Amino acid sequence: MKIAMIGTGYVGLVSGVCFSDFGHNVVCVDKNPQKLAQLKAGEVPIFEPGLDTLIAKNIAAGRLSFTENLAEAVDGADAVFIAVGTPTRRGDGHADLTYVMSATEEIAHALTGYTVVVTKSTVPVGTNRAVAKTLAKANPNAEFDVASNPEFLREGAAIDDFMRPDRVVVGVESARAAEVMRDIYRPLYLRDFPIQITDLESAELVKYASNAFLAMKISFINEMAALCERTGADIKAVSRGMGLDNRIGNKFLHAGPGYGGSCFPKDTSALARIGQDYSVPLQLTEAVIKVNEDVKRRMIEKVRDACGGSVNGKVITVLGVTFKPNTDDMREAPSLTIVPALIGAGASVRVVDPQGQREGRDLLPGVSWDDDVYKAVEGADALVILTEWNEFRALDLKRIAAAMRQPAMADLRNIYDPEDVANAGFSTHISVGRASP
Ligand code: UGA
């Protein structure tokens, strides 16, 4: 099949590359000439494990190409995927559909023969219908159907998520469009996973509801963590006990500094706005957002406590600033709230992150960057673990404690056992969801 992928951001690039790996002929379109030059040369503009190999393999096989020319890519395509950004609109929390709608206009003029125009970007309920209207208005002779096909990829595990999905959700209005979508995903569902064919509005909502529900699990466990700290319970035991109930499940019950990234913050905020627009206040979603903001503030207090009550004049080494491990993405990372607050209160901050520096350099002015944890803790007053990269899970804690001026740790991801930390010589160990000794 011939597929055009409009937008080579995270979702578009991963989806386009994976479709080409299924054997489809994929042309990825982007307006950014620098990005295109990079991609054509086989360089990957984002950090995603395994993506570089897959790009090189499929370019070499002649199934994957990149262009600025949207009309050329859309000409003769069986399906055109819209995978452009839908950022939070400044001021009101709505998803900004400017890019989706301008791509739609361009696609309309380029359509030749029956084409399914698929929205992969996360878009509010009703957008696919608006896309169909725009296509018909801009090109009354065009023969097309629209489809909604939300994505459920996690950064850092995106290829595996694409190749082994829990489900593929497709919203369509015609049997013909459903057939095209089934053909596109056929290489996958031969391996027997559910493909849910539904209506446009339900598909659009599945995406927001799923992300908001996962965000709710995180905010819930973060609230329980605060209660554990006061009551003497241990959040790890509470999460485990809850997660053993199959109805609850053990995933997304790790307490920490709050969720970040390009999806949960944006999608929870957009969903709350959708609820307001339809006069159905989504009280849970609104609370999830508020709890997540509060959690970040609590983390700043924890670091202050680890420093003995004030961070003024203290040297703090922060491990991990990306919003989660295995990504270079800094969008809405808790570090962007926590680190500037520490600097503002008079601390000097050293950062170690395996991938974060490229994006983080501009976003975290005033920090110093280091590649080596052991060097970065020399003479420091506190060690703060903010993102749980594997590299930080098995550190020589004795060596670290000995190198610090004050061996104090704020482990905001609970990756270390309190007993091990104490035995290594740390005088203070503050974690999440446990009473501090
Ligand atoms: C999320 C969803 O997991 C994907 O299914 C979805 O496709 C994607 O958003 C999207 O809408 O594009 P992602 O943002 O890559 O994926 O990251 P997650 O692994 O879900 O983590 C999100 C945040 O929650 C991170 O900041 C992470 O540290 C935090 N988190 C996650 C916790 O604090 N606790 C947990 O137990 C799990």
Close pairs from the range 60-72: first hydroxyl-bearing (S, T, Y), partner assigned to a helix (DSSP H, G or I) and at pLDDT 95 or above, Cβ under 7 Å, at least 6 apart: T67/A73
Hey, L135 out of contact with any His (no Cβ under 9 Å at 6 or more places or on another chain), surrounded by 22 or more Cβ atoms within 10 Å (Cβ to Cβ), of a type outside the set (D, E, K, R) and over 13 Å from A4 (Cβ atoms) or not: yes
Y114 being touching a residue at least 12 places away in the same chain (Cβ under 8 Å), buried (at least 16 other Cβ atoms within 10 Å of the Cβ) and of a type outside the set (A, V, I, L, M): no
Selection status of D353, among the acidic types (D, E), within 16 Å of the ligand (Cβ to nearest atom) and surrounded by 24 or more Cβ atoms within 10 Å (Cβ to Cβ): yes
Answer residue from the range 88-99, given it is within 20 Å of N149 (Cβ to Cβ) and in contact with a helix residue (DSSP H, G or I) (Cβ under 7 Å, 6 or more places away or on another chain) and is modelled with the lowest pLDDT among those: A95
Given (1) of a type in the set (D, E); (2) away from the ligand (no atom under 11 Å from the Cβ); (3) assigned to a helix (DSSP H, G or I), number of the condition D328 does not satisfy: (3)
Options A270, A255, A237; residue that is farther than 30 Å from I343 by Cα and crowded, with 20+ Cβ neighbours inside 10 Å: A270
So T428, is it among the hydroxyl-bearing types (S, T, Y), assigned by TED's automatic domain parsing to the domain that holds V295 and in contact with an Asp or Glu (Cβ under 7 Å, 6 or more places away or on another chain): no
Considering residues of the range 189-227 that are under 24 Å from the mean Cα position of the chain (by Cα) and outside any helix (DSSP H, G or I) only, the residue surrounded by the fewest Cβ atoms within 10 Å (Cβ to Cβ): P194
Check on K266, charged (D, E, K, R) and over 30 Å from F22 (Cα atoms): yes
Selection count, the range 147-167, where residues are of a type outside the set (D, E, K, R), within 11 Å of the ligand (Cβ to nearest atom) and assigned to a loop (DSSP other than H, G, I, E, B): 6
Listing of strands (runs of 3 or more DSSP E) fully contained in the range 358-437 that carry 1 or more residues being within 16 Å of the ligand (Cβ to nearest atom), under 22 Å from E229 (Cβ atoms) and in contact (Cβ under 8 Å) with a residue 24 or more places away in the chain: 382-385, 408-411
Residue identified as in contact (Cβ under 8 Å) with a residue 60 or more places away in the chain and either under 16 Å from the mean Cα position of the chain (by Cα) or not assigned by TED's automatic domain parsing to the domain that holds L227 (or both) among K314, K266, K302: K266
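The values are calculated or read from the model by the stated rules, or taken from the named source; none is laboratory data. This is a predicted model, so every value here is computed, not measured. Note that each Cβ is placed from the backbone with ideal geometry, even for glycine, and that neighbours are counted across all protein chains shown.
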